Amino acid sequence: MREYRFKRGFKPTAERLEEMLNKHFGGFEFDGEYYLVKNFGAIEVLKLKLENKRLYAESKTKLTDDETALKTLKTYNRFLEELTGYTAKERQKLMKKEAEKED
């Protein structure tokens, strides 16, 4: 699972997560501890959970045409940016820093 931090001022609450899921993906299911987005563009299943002020995400994708894949990726990145406050570029830098700490 990928781990995403929240920028100061962006609250990691279930209400905000649910609002963003509805806004960007048109809905979700809740299965115990996970929020699930199913069959959205190139996404077969997207599993999300909030824990310790972090977002954990795991996705399973399906093969699709390039245009659908690009639209899906853009939607996912907009969702993460609006939810966490970090752009795709900033998230990449944070992940690199975390990986360097582990080495």
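The values are calculated or read from the model by the stated rules, or taken from the named source; none is laboratory data. Quantities reported herein were computed from a predicted structural model and do not represent experimental measurements. Ideal geometry is used to build each Cβ from the backbone, glycine not excepted, and the neighbour counts take in all protein chains shown.
Figure legend. Inter-residue proximity from the range 50-71: first residues in a helix (DSSP H, G or I), second residues at pLDDT 95 or above and buried (at least 16 other Cβ atoms within 10 Å of the Cβ), beta-carbon distance below 6 Å, spacing 6+ or different chains. Indicated pairs: Thr68/Gly41; Thr68/Ala42; Ala69/Ala42; Lys71/Gly41.
Taking the options Asn39, Asn22, name whichever one is outside any helix (DSSP H, G or I), out of contact with any helix residue (DSSP H, G or I) (no Cβ under 9 Å at 6 or more places or on another chain) and either at pLDDT 95 or above or among the aromatic types (Phe, Trp, Tyr) (or both). None of the other options fit; the residue is Asn39.
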